[in-house]
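Single-structure report; data block below.
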Amino acid sequence: MTESAGNKNQDCHAANGVKPGRNGMVKSHHHHHQYQKQKQEKVYHAACNGELYSRPFIESFEETPMLVAVLTYMGYGILTIFGYLRDFMREWKIEKCHIAREREEQKDFVPLYQDFENFYTRNLYMRIRDSWNRPIYSVPGATFDLVERSSNDYNWTFEYTGRVVKDVINLGSYNYLGFAENTGACATAAGEVTVKFGVGMASTRQEMGNLKRHEELEKLVASFLGVESAMAFGMGFATNSMNIPALAGKGCLILSDELNHASLVLGARLSGSTIRVFKHNNMQSLEKLLRDAIVHGQPRTHRPWKKILILVEGIYSMEGSIIRLPEVIALKKKYKAYLYLDEAHSIGALGPYGRGVVEYFGLDAKDVDVMMGTFTKSFGAAGGYIAGRKDLIDYLRTHSHSAIYATSMPLPVVEQIITSMKCIMGKDGTTIGRSRIQRLAENTVYFRRRLREMGFIIYGNNDSPVVPMMLYMPAKIGAFGREMLKRNIGVVVVGFPATPIIESRARFCISAAHTKEMLDRALDVISEVGDLLQLKYSRHKVLPSLDRPFDETTYEENEE
(Lines give C-alpha, C1' and ligand atoms only; values in the text may rest on other atoms or scores of the structure.)
Protein backbone atom coordinates (compact mmCIF):
# COMPACT_ATOMS: atom_id res chain seq x y z
CA MET A 1 0.00 0.00 0.00
CA THR A 2 1.36 3.42 -0.86
CA GLU A 3 0.76 6.36 1.40
CA SER A 4 -0.91 9.34 -0.18
CA ALA A 5 1.49 12.21 -0.86
CA GLY A 6 1.43 14.97 1.67
CA ASN A 7 -0.02 12.94 4.53
CA LYS A 8 3.15 11.79 6.26
CA ASN A 9 4.02 13.14 9.69
CA GLN A 10 0.68 14.87 9.91
CA ASP A 11 -2.24 14.33 12.19
CA CYS A 12 -4.90 12.80 9.98
CA HIS A 13 -8.35 11.90 11.18
CA ALA A 14 -9.96 8.70 9.91
CA ALA A 15 -13.43 7.58 10.80
CA ASN A 16 -16.22 5.30 9.76
CA GLY A 17 -19.39 6.78 8.44
CA VAL A 18 -17.74 8.99 5.87
CA LYS A 19 -20.16 11.66 4.84
CA PRO A 20 -19.44 12.92 1.33
CA GLY A 21 -21.16 16.26 1.00
CA ARG A 22 -22.57 18.06 -1.96
CA ASN A 23 -20.39 18.94 -4.88
CA GLY A 24 -18.55 22.08 -3.84
CA MET A 25 -20.94 22.78 -0.97
CA VAL A 26 -19.24 21.28 2.06
CA LYS A 27 -17.26 23.65 4.28
CA SER A 28 -16.04 21.11 6.80
CA HIS A 29 -12.37 21.17 7.79
CA HIS A 30 -12.08 17.39 7.78
CA HIS A 31 -9.40 16.44 5.25
CA HIS A 32 -7.12 13.65 4.21
CA HIS A 33 -8.41 10.37 5.22
CA GLN A 34 -6.78 7.06 4.39
CA TYR A 35 -8.62 3.93 5.33
CA GLN A 36 -6.79 0.62 5.19
CA LYS A 37 -7.74 -2.81 6.44
CA GLN A 38 -6.10 -6.19 6.44
CA LYS A 39 -7.40 -8.30 3.52
CA GLN A 40 -9.17 -5.21 2.15
CA GLU A 41 -6.77 -3.17 0.10
CA LYS A 42 -8.97 -0.14 -0.26
CA VAL A 43 -7.53 3.34 0.02
CA TYR A 44 -9.30 6.63 0.47
CA HIS A 45 -7.02 9.45 -0.59
CA ALA A 46 -7.55 12.95 0.69
CA ALA A 47 -5.51 15.76 2.12
CA CYS A 48 -4.92 16.45 5.77
CA ASN A 49 -3.31 19.88 5.52
CA GLY A 50 -5.98 22.20 6.84
CA GLU A 51 -4.16 25.20 5.42
CA LEU A 52 -4.61 23.89 1.87
CA TYR A 53 -8.00 22.16 1.91
CA SER A 54 -11.30 23.56 3.07
CA ARG A 55 -13.45 20.52 2.27
CA PRO A 56 -13.26 16.72 2.41
CA PHE A 57 -11.32 15.21 -0.48
CA ILE A 58 -12.04 11.50 -0.77
CA GLU A 59 -10.92 9.18 -3.56
CA SER A 60 -10.94 5.39 -3.72
CA PHE A 61 -8.89 2.95 -5.77
CA GLU A 62 -9.44 -0.62 -4.61
CA GLU A 63 -6.63 -2.90 -5.69
CA THR A 64 -7.31 -5.68 -8.17
CA PRO A 65 -8.02 -8.99 -6.39
CA MET A 66 -5.15 -11.42 -6.99
CA LEU A 67 -7.33 -14.16 -8.50
CA VAL A 68 -8.96 -11.69 -10.88
CA ALA A 69 -5.56 -10.38 -11.97
CA VAL A 70 -4.27 -13.90 -12.64
CA LEU A 71 -7.39 -14.86 -14.62
CA THR A 72 -7.17 -11.62 -16.61
CA TYR A 73 -3.57 -12.30 -17.62
CA MET A 74 -4.54 -15.86 -18.50
CA GLY A 75 -7.39 -14.55 -20.66
CA TYR A 76 -5.08 -12.29 -22.63
CA GLY A 77 -2.55 -15.12 -22.88
CA ILE A 78 -5.12 -17.53 -24.33
CA LEU A 79 -6.34 -14.88 -26.78
CA THR A 80 -2.75 -14.25 -27.88
CA ILE A 81 -2.08 -17.97 -28.45
CA PHE A 82 -5.23 -18.34 -30.53
CA GLY A 83 -4.30 -15.15 -32.37
CA TYR A 84 -1.00 -16.64 -33.50
CA LEU A 85 -2.81 -19.83 -34.46
CA ARG A 86 -5.26 -17.87 -36.61
CA ASP A 87 -2.39 -15.91 -38.17
CA PHE A 88 -0.79 -19.23 -39.09
CA MET A 89 -4.05 -20.30 -40.73
CA ARG A 90 -4.26 -16.98 -42.60
CA GLU A 91 -0.68 -17.36 -43.80
CA TRP A 92 -1.60 -20.70 -45.37
CA LYS A 93 -4.85 -19.30 -46.82
CA ILE A 94 -6.97 -21.52 -44.58
CA GLU A 95 -8.67 -18.46 -43.12
CA LYS A 96 -9.34 -15.19 -44.90
CA CYS A 97 -7.68 -12.06 -43.49
CA HIS A 98 -9.71 -8.86 -43.91
CA ILE A 99 -7.29 -6.37 -42.40
CA ALA A 100 -4.99 -4.10 -44.39
CA ARG A 101 -1.39 -5.32 -44.73
CA GLU A 102 1.66 -4.84 -46.91
CA ARG A 103 1.58 -6.21 -50.42
CA GLU A 104 3.83 -9.15 -51.27
CA GLU A 105 6.06 -7.04 -53.54
CA GLN A 106 6.65 -4.64 -50.62
CA LYS A 107 7.74 -7.25 -48.11
CA ASP A 108 11.34 -5.93 -48.08
CA PHE A 109 10.24 -2.35 -47.42
CA VAL A 110 10.10 -0.71 -44.01
CA PRO A 111 6.82 -2.00 -42.47
CA LEU A 112 3.86 0.33 -43.00
CA TYR A 113 1.94 -1.14 -40.06
CA GLN A 114 3.25 -1.77 -36.56
CA ASP A 115 3.29 -5.50 -36.08
CA PHE A 116 1.88 -5.79 -32.55
CA GLU A 117 -0.80 -3.14 -33.07
CA ASN A 118 -1.88 -4.93 -36.23
CA PHE A 119 -1.90 -8.27 -34.38
CA TYR A 120 -3.93 -6.81 -31.51
CA THR A 121 -6.45 -5.24 -33.88
CA ARG A 122 -7.17 -8.31 -35.96
CA ASN A 123 -7.16 -10.90 -33.18
CA LEU A 124 -8.38 -9.17 -30.01
CA TYR A 125 -10.06 -5.87 -30.86
CA MET A 126 -12.16 -7.37 -33.67
CA ARG A 127 -13.83 -9.76 -31.23
CA ILE A 128 -15.43 -6.84 -29.36
CA ARG A 129 -15.47 -4.17 -32.07
CA ASP A 130 -19.27 -4.09 -31.99
CA SER A 131 -19.03 -2.40 -28.57
CA TRP A 132 -17.70 0.82 -30.14
CA ASN A 133 -18.62 3.31 -32.87
CA ARG A 134 -22.31 2.63 -32.52
CA PRO A 135 -24.29 5.14 -34.62
CA ILE A 136 -26.95 7.11 -32.77
CA TYR A 137 -30.03 8.63 -34.36
CA SER A 138 -31.00 11.46 -32.03
CA VAL A 139 -29.76 14.12 -29.63
CA PRO A 140 -27.30 12.57 -27.10
CA GLY A 141 -29.41 13.59 -24.11
CA ALA A 142 -30.45 11.55 -21.10
CA THR A 143 -31.76 9.01 -23.62
CA PHE A 144 -31.05 8.51 -27.29
CA ASP A 145 -32.11 6.41 -30.27
CA LEU A 146 -29.63 3.90 -31.64
CA VAL A 147 -29.33 2.56 -35.19
CA GLU A 148 -29.20 -1.22 -35.00
CA ARG A 149 -26.48 -3.01 -36.95
CA SER A 150 -25.30 -6.60 -37.34
CA SER A 151 -22.23 -8.41 -38.61
CA ASN A 152 -21.98 -11.67 -40.53
CA ASP A 153 -18.18 -11.84 -40.55
CA TYR A 154 -17.26 -11.53 -36.87
CA ASN A 155 -17.23 -7.73 -36.70
CA TRP A 156 -15.04 -7.10 -39.74
CA THR A 157 -17.95 -5.34 -41.45
CA PHE A 158 -21.40 -4.19 -40.31
CA GLU A 159 -24.79 -3.92 -42.00
CA TYR A 160 -27.68 -1.77 -40.85
CA THR A 161 -30.83 -3.73 -40.13
CA GLY A 162 -33.13 -0.74 -40.66
CA ARG A 163 -34.35 -0.89 -37.08
CA VAL A 164 -33.93 1.96 -34.59
CA VAL A 165 -33.67 1.13 -30.89
CA LYS A 166 -35.66 3.80 -29.07
CA ASP A 167 -35.10 5.49 -25.69
CA VAL A 168 -31.77 3.95 -24.71
CA ILE A 169 -30.63 5.43 -21.39
CA ASN A 170 -27.41 7.30 -22.13
CA LEU A 171 -24.63 6.66 -19.61
CA GLY A 172 -21.80 7.38 -22.03
CA SER A 173 -21.99 10.97 -23.28
CA TYR A 174 -20.20 13.89 -21.59
CA ASN A 175 -23.49 15.75 -21.28
CA TYR A 176 -22.86 16.75 -17.68
CA LEU A 177 -25.33 19.62 -17.40
CA GLY A 178 -27.82 18.37 -19.98
CA PHE A 179 -27.29 21.16 -22.54
CA ALA A 180 -26.97 18.69 -25.41
CA GLU A 181 -30.63 19.12 -26.34
CA ASN A 182 -32.75 20.14 -29.33
CA THR A 183 -35.33 22.13 -27.37
CA GLY A 184 -35.05 25.05 -25.00
CA ALA A 185 -33.27 28.39 -25.00
CA CYS A 186 -29.93 27.11 -26.33
CA ALA A 187 -31.43 25.28 -29.30
CA THR A 188 -33.70 28.23 -30.14
CA ALA A 189 -30.83 30.74 -30.02
CA ALA A 190 -28.51 28.55 -32.09
CA GLY A 191 -31.26 28.00 -34.64
CA GLU A 192 -31.94 31.71 -35.03
CA VAL A 193 -28.24 32.44 -35.53
CA THR A 194 -27.96 29.65 -38.10
CA VAL A 195 -30.74 31.21 -40.17
CA LYS A 196 -29.19 34.67 -39.94
CA PHE A 197 -25.45 33.94 -40.29
CA GLY A 198 -25.21 30.42 -41.69
CA VAL A 199 -23.01 27.63 -40.38
CA GLY A 200 -19.42 28.25 -41.55
CA MET A 201 -17.12 31.27 -41.25
CA ALA A 202 -14.83 30.40 -44.20
CA SER A 203 -11.92 32.36 -42.73
CA THR A 204 -9.61 32.66 -39.73
CA ARG A 205 -10.05 35.11 -36.87
CA GLN A 206 -7.12 37.20 -38.11
CA GLU A 207 -8.58 37.61 -41.59
CA MET A 208 -12.33 37.81 -42.28
CA GLY A 209 -13.65 35.48 -39.59
CA ASN A 210 -13.75 37.69 -36.50
CA LEU A 211 -17.26 38.74 -35.50
CA LYS A 212 -18.46 40.75 -32.55
CA ARG A 213 -20.13 37.64 -31.15
CA HIS A 214 -16.74 35.90 -30.90
CA GLU A 215 -15.41 38.74 -28.78
CA GLU A 216 -18.53 38.71 -26.61
CA LEU A 217 -17.98 34.99 -25.99
CA GLU A 218 -14.41 35.55 -24.88
CA LYS A 219 -15.39 38.35 -22.50
CA LEU A 220 -18.12 36.12 -21.05
CA VAL A 221 -15.66 33.24 -20.52
CA ALA A 222 -13.21 35.55 -18.75
CA SER A 223 -16.00 36.86 -16.53
CA PHE A 224 -17.23 33.35 -15.77
CA LEU A 225 -13.75 32.17 -14.75
CA GLY A 226 -12.80 35.34 -12.89
CA VAL A 227 -9.70 36.11 -14.96
CA GLU A 228 -8.53 39.08 -17.02
CA SER A 229 -8.93 37.67 -20.52
CA ALA A 230 -9.75 34.59 -22.58
CA MET A 231 -9.73 33.37 -26.16
CA ALA A 232 -11.81 30.66 -27.84
CA PHE A 233 -10.81 27.98 -30.33
CA GLY A 234 -12.88 25.81 -32.65
CA MET A 235 -11.48 22.46 -31.49
CA GLY A 236 -10.85 21.25 -27.96
CA PHE A 237 -8.01 18.87 -28.85
CA ALA A 238 -6.18 21.59 -30.79
CA THR A 239 -6.59 23.99 -27.89
CA ASN A 240 -4.02 21.89 -26.03
CA SER A 241 -1.91 20.50 -28.85
CA MET A 242 -1.43 23.84 -30.65
CA ASN A 243 -1.10 26.21 -27.67
CA ILE A 244 1.40 24.35 -25.49
CA PRO A 245 4.09 24.67 -28.23
CA ALA A 246 3.52 28.44 -28.11
CA LEU A 247 4.09 28.50 -24.35
CA ALA A 248 7.16 26.25 -24.07
CA GLY A 249 10.08 25.30 -26.28
CA LYS A 250 13.69 24.19 -26.32
CA GLY A 251 15.35 24.76 -22.96
CA CYS A 252 12.03 24.48 -21.11
CA LEU A 253 10.93 21.63 -18.85
CA ILE A 254 7.41 20.19 -18.88
CA LEU A 255 6.27 18.09 -15.92
CA SER A 256 3.27 16.02 -17.01
CA ASP A 257 0.94 13.76 -15.02
CA GLU A 258 1.27 10.19 -16.28
CA LEU A 259 -2.47 10.01 -17.04
CA ASN A 260 -2.76 13.28 -18.96
CA HIS A 261 -4.93 13.34 -22.08
CA ALA A 262 -3.40 12.65 -25.51
CA SER A 263 -3.86 16.31 -26.50
CA LEU A 264 -1.64 17.43 -23.62
CA VAL A 265 0.93 14.76 -24.44
CA LEU A 266 0.98 15.75 -28.12
CA GLY A 267 1.27 19.45 -27.30
CA ALA A 268 4.19 18.76 -24.97
CA ARG A 269 5.98 16.69 -27.61
CA LEU A 270 5.42 19.27 -30.34
CA SER A 271 6.88 22.00 -28.14
CA GLY A 272 10.37 20.49 -28.26
CA SER A 273 10.67 20.85 -24.49
CA THR A 274 12.18 18.26 -22.20
CA ILE A 275 9.33 16.18 -20.76
CA ARG A 276 9.35 14.38 -17.44
CA VAL A 277 6.39 12.42 -16.12
CA PHE A 278 5.26 12.23 -12.50
CA LYS A 279 3.02 9.60 -10.93
CA HIS A 280 -0.68 10.31 -11.14
CA ASN A 281 -1.79 12.85 -8.54
CA ASN A 282 1.32 12.05 -6.48
CA MET A 283 2.69 15.22 -4.94
CA GLN A 284 5.85 13.53 -3.65
CA SER A 285 6.72 12.46 -7.19
CA LEU A 286 6.01 15.95 -8.54
CA GLU A 287 8.05 17.68 -5.83
CA LYS A 288 11.01 15.37 -6.44
CA LEU A 289 11.02 16.29 -10.14
CA LEU A 290 10.73 19.98 -9.31
CA ARG A 291 13.55 19.80 -6.77
CA ASP A 292 15.80 17.88 -9.16
CA ALA A 293 15.05 20.36 -11.93
CA ILE A 294 16.08 23.29 -9.74
CA VAL A 295 19.19 21.59 -8.37
CA HIS A 296 20.57 20.00 -11.55
CA GLY A 297 19.21 22.27 -14.28
CA GLN A 298 19.40 21.22 -17.93
CA PRO A 299 21.19 17.99 -18.95
CA ARG A 300 24.91 18.30 -19.78
CA THR A 301 25.11 22.10 -19.45
CA HIS A 302 23.37 22.31 -16.05
CA ARG A 303 22.07 25.73 -16.98
CA PRO A 304 18.80 26.75 -15.31
CA TRP A 305 15.66 25.83 -17.19
CA LYS A 306 14.15 28.73 -19.10
CA LYS A 307 10.73 27.73 -17.82
CA ILE A 308 9.14 24.88 -15.85
CA LEU A 309 5.55 24.14 -16.83
CA ILE A 310 3.32 21.70 -14.89
CA LEU A 311 0.54 20.07 -16.94
CA VAL A 312 -2.47 18.62 -15.08
CA GLU A 313 -6.18 17.99 -15.63
CA GLY A 314 -9.14 18.92 -13.43
CA ILE A 315 -10.95 15.59 -13.73
CA TYR A 316 -9.16 12.60 -15.27
CA SER A 317 -11.61 11.03 -17.66
CA MET A 318 -10.45 7.40 -17.30
CA GLU A 319 -9.88 7.35 -13.54
CA GLY A 320 -12.62 9.67 -12.32
CA SER A 321 -10.06 11.33 -10.04
CA ILE A 322 -9.76 15.05 -9.29
CA ILE A 323 -6.43 16.85 -9.30
CA ARG A 324 -5.09 17.75 -5.86
CA LEU A 325 -4.96 21.36 -6.93
CA PRO A 326 -4.22 23.05 -3.58
CA GLU A 327 -1.03 21.01 -3.24
CA VAL A 328 -0.04 21.52 -6.88
CA ILE A 329 -0.41 25.29 -6.49
CA ALA A 330 1.61 25.20 -3.26
CA LEU A 331 4.44 23.34 -5.03
CA LYS A 332 4.21 25.63 -8.06
CA LYS A 333 4.68 28.68 -5.83
CA LYS A 334 7.43 27.06 -3.80
CA TYR A 335 9.56 26.21 -6.84
CA LYS A 336 8.55 29.17 -9.04
CA ALA A 337 7.03 27.01 -11.79
CA TYR A 338 4.07 27.70 -14.10
CA LEU A 339 0.80 25.75 -13.99
CA TYR A 340 -1.30 24.70 -16.99
CA LEU A 341 -4.70 23.36 -15.90
CA ASP A 342 -6.91 21.43 -18.35
CA GLU A 343 -10.53 21.68 -17.17
CA ALA A 344 -12.12 19.85 -20.09
CA HIS A 345 -14.21 17.63 -17.80
CA SER A 346 -14.35 19.75 -14.65
CA ILE A 347 -15.59 23.09 -15.98
CA GLY A 348 -19.33 23.23 -15.40
CA ALA A 349 -19.27 19.89 -13.57
CA LEU A 350 -17.54 20.94 -10.32
CA GLY A 351 -18.02 23.78 -7.89
CA PRO A 352 -21.26 25.25 -6.48
CA TYR A 353 -21.49 27.64 -9.45
CA GLY A 354 -19.95 25.33 -12.06
CA ARG A 355 -16.66 27.21 -12.34
CA GLY A 356 -14.60 24.06 -12.17
CA VAL A 357 -11.96 22.58 -9.95
CA VAL A 358 -10.57 25.98 -8.88
CA GLU A 359 -13.93 26.92 -7.37
CA TYR A 360 -14.40 23.37 -6.06
CA PHE A 361 -11.40 23.88 -3.77
CA GLY A 362 -12.19 27.53 -3.05
CA LEU A 363 -8.98 28.75 -4.71
CA ASP A 364 -8.10 31.95 -6.54
CA ALA A 365 -8.10 31.63 -10.32
CA LYS A 366 -5.10 33.97 -10.47
CA ASP A 367 -2.97 31.20 -8.92
CA VAL A 368 -3.38 29.17 -12.12
CA ASP A 369 -1.19 30.62 -14.87
CA VAL A 370 -2.97 29.00 -17.83
CA MET A 371 -6.60 27.86 -17.56
CA MET A 372 -7.78 25.65 -20.36
CA GLY A 373 -11.18 24.05 -20.88
CA THR A 374 -13.53 22.79 -23.54
CA PHE A 375 -17.08 23.62 -24.53
CA THR A 376 -17.76 20.06 -25.69
CA LYS A 377 -18.99 18.62 -22.40
CA SER A 378 -20.89 20.76 -19.92
CA PHE A 379 -21.90 23.33 -22.55
CA GLY A 380 -23.12 20.85 -25.18
CA ALA A 381 -21.16 22.57 -27.96
CA ALA A 382 -17.68 22.35 -29.51
CA GLY A 383 -14.28 23.98 -29.16
CA GLY A 384 -12.16 25.11 -26.25
CA TYR A 385 -10.67 28.13 -24.50
CA ILE A 386 -7.48 29.44 -22.92
CA ALA A 387 -7.87 31.97 -20.11
CA GLY A 388 -5.57 33.90 -17.80
CA ARG A 389 -3.74 37.20 -17.67
CA LYS A 390 -4.29 39.66 -20.51
CA ASP A 391 -0.64 39.67 -21.57
CA LEU A 392 -0.74 35.86 -21.87
CA ILE A 393 -3.82 35.94 -24.11
CA ASP A 394 -2.42 38.79 -26.23
CA TYR A 395 0.72 36.74 -26.74
CA LEU A 396 -1.25 33.64 -27.82
CA ARG A 397 -3.32 35.64 -30.30
CA THR A 398 -0.16 36.25 -32.32
CA HIS A 399 1.79 33.05 -31.61
CA SER A 400 -0.75 30.21 -31.38
CA HIS A 401 -1.18 28.08 -34.49
CA SER A 402 -4.82 27.54 -33.58
CA ALA A 403 -5.40 31.30 -33.49
CA ILE A 404 -3.55 32.06 -36.70
CA TYR A 405 -4.38 29.19 -39.05
CA ALA A 406 -7.63 27.62 -37.83
CA THR A 407 -11.04 28.60 -39.17
CA SER A 408 -13.19 30.65 -36.80
CA MET A 409 -15.69 28.94 -34.55
CA PRO A 410 -19.11 28.75 -36.31
CA LEU A 411 -21.62 31.23 -34.90
CA PRO A 412 -24.31 28.63 -34.05
CA VAL A 413 -21.71 26.96 -31.80
CA VAL A 414 -20.78 30.35 -30.31
CA GLU A 415 -24.43 31.04 -29.57
CA GLN A 416 -24.90 27.65 -27.93
CA ILE A 417 -21.95 28.35 -25.62
CA ILE A 418 -23.04 31.89 -24.76
CA THR A 419 -26.63 30.87 -24.02
CA SER A 420 -25.67 27.87 -21.88
CA MET A 421 -22.97 29.81 -20.01
CA LYS A 422 -25.36 32.65 -19.22
CA CYS A 423 -27.81 30.04 -17.96
CA ILE A 424 -25.14 28.58 -15.68
CA MET A 425 -24.21 32.06 -14.43
CA GLY A 426 -27.86 32.98 -13.86
CA LYS A 427 -27.66 35.86 -16.34
CA ASP A 428 -30.74 34.54 -18.13
CA GLY A 429 -32.84 35.55 -15.14
CA THR A 430 -33.55 31.95 -14.07
CA THR A 431 -32.12 29.42 -11.64
CA ILE A 432 -32.06 26.63 -14.24
CA GLY A 433 -28.27 26.58 -14.43
CA ARG A 434 -27.78 26.44 -10.67
CA SER A 435 -30.37 23.70 -10.29
CA ARG A 436 -28.65 21.62 -12.98
CA ILE A 437 -25.30 21.94 -11.23
CA GLN A 438 -26.91 20.82 -7.98
CA ARG A 439 -28.75 17.94 -9.66
CA LEU A 440 -25.51 16.71 -11.24
CA ALA A 441 -23.83 16.72 -7.82
CA GLU A 442 -26.74 14.81 -6.29
CA ASN A 443 -26.88 12.27 -9.12
CA THR A 444 -23.12 11.69 -8.90
CA VAL A 445 -23.09 10.98 -5.16
CA TYR A 446 -26.18 8.78 -5.39
CA PHE A 447 -24.95 6.73 -8.37
CA ARG A 448 -21.52 6.14 -6.88
CA ARG A 449 -22.93 5.14 -3.49
CA ARG A 450 -25.36 2.65 -4.99
CA LEU A 451 -22.65 0.99 -7.09
CA ARG A 452 -20.48 0.56 -3.99
CA GLU A 453 -23.38 -0.91 -2.06
CA MET A 454 -23.87 -3.48 -4.84
CA GLY A 455 -20.26 -4.65 -4.49
CA PHE A 456 -18.67 -3.22 -7.64
CA ILE A 457 -15.16 -1.79 -7.66
CA ILE A 458 -15.33 1.82 -8.80
CA TYR A 459 -12.53 4.34 -9.10
CA GLY A 460 -12.22 8.02 -8.50
CA ASN A 461 -13.43 10.90 -6.39
CA ASN A 462 -16.84 10.93 -4.70
CA ASP A 463 -17.75 14.15 -6.52
CA SER A 464 -16.56 13.15 -9.99
CA PRO A 465 -19.36 12.58 -12.55
CA VAL A 466 -16.99 10.24 -14.41
CA VAL A 467 -17.54 6.83 -12.80
CA PRO A 468 -15.21 3.98 -13.88
CA MET A 469 -16.46 0.51 -12.91
CA MET A 470 -13.88 -2.26 -13.17
CA LEU A 471 -14.45 -5.21 -15.53
CA TYR A 472 -10.87 -6.56 -15.73
CA MET A 473 -11.21 -9.64 -17.96
CA PRO A 474 -11.12 -9.14 -21.76
CA ALA A 475 -14.11 -11.37 -22.43
CA LYS A 476 -16.25 -9.28 -20.08
CA ILE A 477 -15.58 -6.02 -21.94
CA GLY A 478 -17.73 -6.92 -24.93
CA ALA A 479 -20.14 -9.01 -22.89
CA PHE A 480 -20.96 -6.13 -20.54
CA GLY A 481 -21.58 -3.67 -23.37
CA ARG A 482 -23.81 -6.11 -25.26
CA GLU A 483 -25.82 -7.21 -22.25
CA MET A 484 -26.43 -3.61 -21.19
CA LEU A 485 -27.60 -2.66 -24.68
CA LYS A 486 -29.98 -5.63 -24.74
CA ARG A 487 -31.61 -4.01 -21.72
CA ASN A 488 -31.71 -0.55 -23.35
CA ILE A 489 -28.77 0.97 -21.48
CA GLY A 490 -25.98 2.56 -23.52
CA VAL A 491 -22.54 2.43 -21.88
CA VAL A 492 -18.90 2.95 -22.83
CA VAL A 493 -16.46 0.10 -22.22
CA VAL A 494 -12.70 0.61 -22.28
CA GLY A 495 -9.80 -1.84 -22.45
CA PHE A 496 -6.14 -2.17 -23.30
CA PRO A 497 -4.26 -0.21 -24.68
CA ALA A 498 -6.42 2.73 -23.46
CA THR A 499 -6.09 1.32 -19.92
CA PRO A 500 -3.54 -0.95 -18.21
CA ILE A 501 -3.95 -4.52 -19.43
CA ILE A 502 -5.61 -5.79 -16.24
CA GLU A 503 -7.77 -2.71 -15.64
CA SER A 504 -10.48 -2.86 -18.30
CA ARG A 505 -13.55 -0.96 -17.24
CA ALA A 506 -16.94 0.47 -18.03
CA ARG A 507 -17.05 4.26 -17.80
CA PHE A 508 -20.32 5.89 -16.82
CA CYS A 509 -20.85 9.61 -17.28
CA ILE A 510 -23.57 11.07 -15.09
CA SER A 511 -25.72 13.96 -16.27
CA ALA A 512 -28.03 16.50 -14.69
CA ALA A 513 -30.55 15.37 -17.31
CA HIS A 514 -30.82 11.95 -15.67
CA THR A 515 -33.84 11.56 -13.43
CA LYS A 516 -33.73 9.42 -10.30
CA GLU A 517 -36.01 6.93 -12.06
CA MET A 518 -33.53 6.65 -14.93
CA LEU A 519 -30.62 6.10 -12.57
CA ASP A 520 -32.55 3.51 -10.55
CA ARG A 521 -33.48 1.67 -13.76
CA ALA A 522 -29.84 1.76 -14.92
CA LEU A 523 -28.57 0.62 -11.52
CA ASP A 524 -30.98 -2.32 -11.46
CA VAL A 525 -29.76 -3.39 -14.89
CA ILE A 526 -26.10 -2.95 -13.91
CA SER A 527 -26.69 -5.11 -10.84
CA GLU A 528 -28.45 -7.76 -12.94
CA VAL A 529 -25.69 -7.85 -15.53
CA GLY A 530 -23.09 -7.74 -12.76
CA ASP A 531 -24.55 -10.89 -11.26
CA LEU A 532 -24.75 -12.53 -14.69
CA LEU A 533 -21.08 -11.80 -15.52
CA GLN A 534 -19.83 -12.02 -11.90
CA LEU A 535 -18.50 -8.46 -11.82
CA LYS A 536 -19.04 -7.70 -8.13
CA TYR A 537 -15.39 -8.06 -7.19
CA SER A 538 -15.19 -5.70 -4.23
CA ARG A 539 -14.02 -7.11 -0.90
CA HIS A 540 -15.02 -3.84 0.71
CA LYS A 541 -18.56 -4.36 1.94
CA VAL A 542 -20.75 -1.30 2.10
CA LEU A 543 -23.95 -1.33 4.10
CA PRO A 544 -26.96 0.00 2.15
CA SER A 545 -27.99 3.34 3.56
CA LEU A 546 -31.49 4.59 4.07
CA ASP A 547 -33.32 6.27 1.20
CA ARG A 548 -32.75 9.89 2.12
CA PRO A 549 -31.88 13.17 0.39
CA PHE A 550 -28.69 13.04 -1.67
CA ASP A 551 -26.67 15.33 0.58
CA GLU A 552 -27.47 13.10 3.55
CA THR A 553 -25.90 9.95 2.05
CA THR A 554 -23.62 7.94 4.29
CA TYR A 555 -21.93 4.60 4.16
CA GLU A 556 -20.21 2.34 6.63
CA GLU A 557 -17.42 -0.16 6.23
CA ASN A 558 -17.70 -3.74 7.36
CA GLU A 559 -14.68 -5.90 8.15
CA GLU A 560 -16.42 -9.14 7.34
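The values are calculated or read from the model by the stated rules, or taken from the named source; none is laboratory data. Bear in mind the structure is a predicted one, so any value in this text is a computation, not a measurement. Note that each Cβ is placed from the backbone with ideal geometry, even for glycine, and that neighbours are counted across all protein chains shown. Surface accessibility is based on the protein's heavy atoms, side chains included, excluding ligands, DNA and RNA. Shrake-Rupley method; radii C 1.70, N 1.55, O 1.52, S 1.80 Å.
Legend: residues 287, 104, sorted from most to least accessible area (1.4 Å probe; ligands, DNA and RNA excluded), read 104, 287. Using a probe of 1.4 angstrom and keeping all protein chains present, the accessible surface of region 185-425 works out to 40 square angstrom per residue.
Relative intensity of region 144-211 on a log10 scale, I(q)/I(0) at q = 0.21, 0.24 Å⁻¹, equals -0.97, -1.05, per a Debye sum over C-alpha point scatterers of equal strength in the absence of solvent. Where the alpha-carbon atoms of region 82-214 are placed on the principal axes, they occupy 63, 43, 26 Å, in descending order. Which is the longest part of the chain that has none of the chymotrypsin sites (Phe, Trp or Tyr not before Pro) sitting in a DSSP loop with at most 11 other Cβ atoms within 10 Å? Excluding the exposed sites themselves, the longest stretch runs over 155-560. Residues 540, 98, sorted by accessible area with the largest first, give 98, 540 [1.4 Å probe; ligands and nucleic acids excluded]. Available extension along the chain between residue 78 and residue 148 is 22.1 nm, counting 0.36 nm per residue and deducting the alpha carbon span. With r as the distance between the Cβ atoms of residue 270 and residue 85 and R0 = 56 Å, compute the FRET efficiency 1/(1 + (r/R0)^6) and round to 0.05. Taking R0 as 56 Å, the efficiency between residue 85 and residue 270 is 0.85. With contacts taken as Cα pairs under 8 Å at a separation of at least 6 residues, region 288-439 carries a relative contact order of 16 percent.
Loop-located GluC sites (Glu not before Pro) across region 162-218 with a Cβ neighbour count of 12 or fewer within 10 Å are 207, with loop assigned by DSSP.
DSSP finds beta bridges in the chain, and of those with both partners inside it, around 65 percent are antiparallel. The 1.4 Å probe gives accessible areas that order 470, 89, largest first, as 89, 470. Rolling a 1.4 Å probe across all protein chains gives residue 409 an accessible area of roughly 10 Å².
How big is the dipole moment of region 404-527 about its Cα centre under a simple scheme where the beta carbon of each Lys and Arg is +1, that of each Asp and Glu is -1, and everything else is neutral? Debye, nearest 20, please.
That gives region 404-527 a dipole magnitude of about 140 debye.
Past the 30 angstrom mark, what percentage of all C-alpha to C-alpha distances in region 185-425 do you count?
Of the Cα pairs, 24 percent sit more than 30 Å apart.
Here the spin labels are modelled as points 7 Å beyond Cα on the Cα-Cβ line, and at residue 182 and residue 395 they lie 4.5 nm apart.
Calculated mean residue ellipticity at 222 nm for the chain: -11000 deg cm²/dmol, from DSSP H runs with n ≥ 4 weighted as -39500 (n - 2.57), summed, divided by the residue count and rounded to 500. Applying both filters, DSSP loop and at most 16 other Cβ atoms within 10 Å, to the trypsin sites (Lys or Arg not before Pro) of region 510-539 gives 536, 539.
Mind checking which helices in the chain clear 27 Å along their axis (Cα) and have mean Kyte-Doolittle hydropathy of -0.5 or more, DSSP H runs only?
Helices meeting the span and hydropathy rule in the chain are 66-91.
I need the per residue convex hull volume for the chain, using only the alpha carbons, in cubic angstrom as a whole number. Don't skip to the answer; put the middle values down first.
Details: hull volume 103.1 nm³, N = 560.
It is 184 Å³ per residue.
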